[in-house]
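J.: Structure below; questions to follow.
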Amino acid sequence: MKHSTRRDTLRFIATAAAATCAAAVWPLRAQTTTAPRLVTVGGAITEVVYALGVEAQLVGTDTTSLYPAAALKTPKVGYLRTLSAEGLLSLRPDAVIGTTEAGPPVVLDQLRSAGVKVELVVADHSWAEVQRKIAAVGRGAARETQARALQARLDADWAVVQNEVAQRTARKPRVLFILAHGASPQVAGQKTAADAMIRFAGGINVMSGFDGYRPMTAEAMAAAAPDVILTSTQGIEAQGGIDKFWARPELALTPAFKRRALVHMDALELIGFGPRLPGTVRVLAQKLAAA
Amino acid sequence: MAAAVGGPVTDTPGSRRLSFPSVMWLGAGLVLASLLVASARGAYAIDFADILKTLWALASGGIEGTPEQLVFLNIRLPRLLLGLAAGAGLGMAGALMQGLFRNPLADPGLIGVSSGAALAAGIAIVLGTLYFPEMPRSLGSWTLVAMAFGGSLAVTVLIYLLAQSEGGTRVGLMLLAGVAINALAGAGLGYLTFLASDEQLRSIQFWLLGSLGGARWASVLLVFSIVLIAGCAASTCARPLNVIALGEAQAVLMGVDVERTKRRAIAITALAVGAITATTGMIGFVGLLSPHCIRLVAGPDHRIVIPGSAMLGAALVLLADSVARTAVQPAELPLGVLTAFVGVPFFLLLLRQFRGRV
């Protein structure tokens, strides 16, 4: 009698355990066959995933994926240029979506050889870049219809924003972008995300004649004579606040210094080129006009 | 420096030392154990039975292509073999350099292999994209590797030529030339990092920290065969190096071709470490620590120190890489940092244990 009750109890536990396992495994199985698992590499790509509402398919992101806050809680596969093949594969993704910044190339080859779809979006700081990101996530997530809908909505918003900026042609602010995350601040020349953002917002980048970023020197600052300084909020924090920022000797010779004309925005939002771009350009244009 | 340029530790009667066979057995056991640990550990869960089945399938030609098999065969196995070859090559080269310079501070970097590779890799990363915009596509595969390998050989030859005098290659001159040229290469690399864009800077830094992450079969087999050939050549240096330990003049009197031994040791180191550094980036401290550890437990005989250092180096790199791959998964830690973190405490422990012999 005692024995049989114990056996019954064991049998019950075993059945219950098996049922629980089955219940736990079944929906997972069902999901993996329909919804591809995604790893996104690059903050803006991750933003597109959330904008499309397919974050349930997101199994990993890189360390530049800081927005929205929920993206911070996803498993991190490391910095976008230093990915690791096996670590990434351990998340069992069906597709890895990133920009051409992602690497190293050997690791991307390894991912492809393990049967993972690797899609890299070319970053050329244009509206088309945002469109390509949305299309890539739509394809990767097998949500192309939603991606087209999001695209149409953003295209419309973009047209409105461009129109707004175009009507504000009276005064084109002369803007200088300062990248000040480290000890030696740099200024943005052509072919940079910051340069594109200044143009989108109806301003003129006062630094011309070179591509990429360069260390800022007092003489170059004076010669460029910017009306407004644009930088990232993170940069201001890194310099120790707005007062400390203005205290840099290079800035003293600029027209912007006299009026303390400083515009700062979140770095990821400002130069991320994600789905927030139309809104960012709208805010930036307003801030530049007001500064 | 003067104090450091002494001979190796002389054998004091009565001190217990491991014999040649016991070092070989212990070393082989250590390498095997590290291989087992490294093969079973990884971000991608593959259990031991799977690994054995995969190896059996590989041997019998019956690969089914399951995800576990693909990950193991395409990613983890080449990585293990690269770690084995890189660690063995660095350890062996360290033993050769310390024997040749008769200096416990010598490591393969001293003859410019690492700095030459780093400078060339920096040139490939920074200037390559400037003058050959299409290069990023192929970069990281062969362009970068070939450049780094070429750079390490070129700088080594330069240092070797600078150390020539009437009496042949002067080791002291080579040491100084090495320090100077390394500093020059460091300055060149510094200038390149100044020119570099943000992402190029990250690429250079990543490369300098070393990683086995780029292991692919083609490069692994290349490095493996180069290290194997270098190892065979290194074994012929053991006896002459033992004699050179008594002093170069003494060695010449005893009929050893000192000049040939030097050339051979330098060529072996340049080839092996050049090939390794070109594929993995900088993996520090292995070449410096392994020979010391072996000398502490087995004495200064190069017939033991050279193969012993190779085995210890291999074990060290394999274990460090296991930690690199798994500690922060799914991301990865830089290996060059870990070889120091794993190797140095181990070395200090040994130093304390055997402080009487140093």
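The values are calculated or read from the model by the stated rules, or taken from the named source; none is laboratory data. Computed from a predicted structure; not experimentally measured. We place every Cβ from the backbone using ideal geometry, glycine too, and count neighbours over all the protein chains shown. Please note that ligands, DNA and RNA were not included when accessible areas were found on the heavy atoms of the full protein model with its side chains. Shrake-Rupley method; radii C 1.70, N 1.55, O 1.52, S 1.80 Å.
J.: Conditions first: (1) out of contact with any Ser or Thr (no Cβ under 8 Å at 6 or more places or on another chain); (2) crowded, with 24+ Cβ neighbours inside 10 Å. B:L127 passes all but one, so which condition is the exception?
T.: (2)
J.: I've got another one for you. So which residues in the stretch A:66-88 are outside any loop (DSSP other than H, G, I, E, B), open to solvent by less than 10 Å² (accessible area, probe 1.4 Å) and either over 20 Å from B:I75 (Cβ atoms) or touching a Leu at 6+ places or on another chain (Cβ under 8 Å) (or both)?
T.: Those that are outside any loop (DSSP other than H, G, I, E, B), open to solvent by less than 10 Å² (accessible area, probe 1.4 Å) and either over 20 Å from B:I75 (Cβ atoms) or touching a Leu at 6+ places or on another chain (Cβ under 8 Å) (or both): A:A71, A:A85, A:L88.
J.: So which residues in the stretch A:107-128 are crowded, with 20+ Cβ neighbours inside 10 Å and in a helix (DSSP H, G or I)?
T.: Listed by number, the residues that qualify are A:V107, A:L108, A:Q110, A:L111.
J.: Among B:L184, B:L84, which is the only one that is at pLDDT 95 or above, open to solvent by 50 Å² or more (accessible area, probe 1.4 Å) and not acidic (D, E)?
T.: The match here is B:L184.
J.: With a cut-off of at least 2 residues that are of a type in the set (D, E), name the helices (runs of 4 or more DSSP H) lying wholly within the stretch B:169-235.
T.: Passing ranges, in order: B:198-209.
J.: Out of everything in the stretch A:262-286 that is more than 26 Å from A:Y50 (Cα to Cα) and at pLDDT 95 or above, what residue ends up being nearest to the chain's Cα centre (by Cα)?
T.: That would be A:V263.
J.: Continuing with the same structure: Within the stretch A:63-83, is even one residue β-branched (V, I, T), within 14 Å of chain B (Cβ to nearest Cβ) and over 24 Å from B:R325 (Cα atoms)?
T.: no
J.: Anything in the stretch B:246-264 that is touching a residue at least 60 places away in the same chain (Cβ under 8 Å) and closer than 20 Å to B:A233 by Cα? List them, or say none.
T.: B:V258, B:E259, B:T261, B:K262, B:R263
J.: I would also like to ask the following. I'd like the residue in the stretch B:22-72 that is β-branched (V, I, T) and touching a residue at least 24 places away in the same chain (Cβ under 8 Å) and, out of all such residues, is farthest from the other protein chains (Cβ to nearest Cβ).
T.: B:V23
J.: Keeping to the stretch B:297-337, report how many residues are within 13 Å of another protein chain (Cβ to nearest Cβ) and within 15 Å of the chain's Cα centre (by Cα).
T.: 4
J.: Given the criteria without any contact (Cβ under 8 Å) to a residue 40 or more places away in the chain and within 14 Å of chain A (Cβ to nearest Cβ), does B:I75 qualify?
T.: Spelling it out, it is not the case that B:I75 is without any contact (Cβ under 8 Å) to a residue 40 or more places away in the chain and within 14 Å of chain A (Cβ to nearest Cβ).
J.: Please find, within the stretch B:198-232, the residue that is nearest to the other protein chains (Cβ to nearest Cβ) out of those that are surrounded by fewer than 17 Cβ atoms within 10 Å (Cβ to Cβ) and of a type in the set (G, A, S).
T.: B:A218
J.: Sticking with this structure for a sec: Under 30 Å from B:L189 (Cα atoms), of a type outside the set (A, V, I, L, M, F, W, C) and either crowded, with 18+ Cβ neighbours inside 10 Å or within 14 Å of chain A (Cβ to nearest Cβ) (or both): is that true of B:G89 in this structure?
T.: When the stated conditions are applied, B:G89 passes them.
J.: Checking the conditions here, which among A:G87, A:G103, A:G138 is in contact with a Gly (Cβ under 8 Å, 6 or more places away or on another chain) and farther than 15 Å from A:V59 by Cβ?
T.: A:G103
J.: For the stretch A:163-181, which positions are in contact (Cβ under 8 Å) with a residue 40 or more places away in the chain and over 20 Å from the mean Cα position of the chain (by Cα)?
T.: Scanning the stretch A:163-181 gives A:E164, A:V165, A:R168, A:R171, A:P173, A:R174, A:V175, A:L176.
J.: Can I ask one more? When you scan the stretch A:223-261, how many residues do you find that are in a loop (DSSP other than H, G, I, E, B) and more than 25 Å from the chain's Cα centre (by Cα)?
T.: So the count comes out to 8.
J.: Can you pull out the residues in the stretch A:212-222 that are under 12 Å from A:Q186 (Cα atoms) and either open to solvent by 60 Å² or more (accessible area, probe 1.4 Å) or part of a strand (DSSP E or B) (or both)?
T.: A:Y213, A:R214, A:P215, A:T217
J.: Go through (1) assigned to a helix (DSSP H, G or I); (2) in contact with a strand residue (DSSP E or B) (Cβ under 6 Å, 6 or more places away or on another chain); (3) hydroxyl-bearing (S, T, Y) and name the single condition A:T63 misses.
T.: (1)
J.: In the stretch A:245-288, which residues are surrounded by 17 or more Cβ atoms within 10 Å (Cβ to Cβ), small (G, A, S) and out of contact with any helix residue (DSSP H, G or I) (no Cβ under 7 Å at 6 or more places or on another chain)?
T.: Within the stretch A:245-288, A:A256, A:A261 qualify.
J.: Among the listed residues A:G138, A:G202, identify the single one that is outside any helix (DSSP H, G or I) and touching a residue at least 24 places away in the same chain (Cβ under 8 Å).
T.: Matching residue, one of A:G138, A:G202: A:G202.
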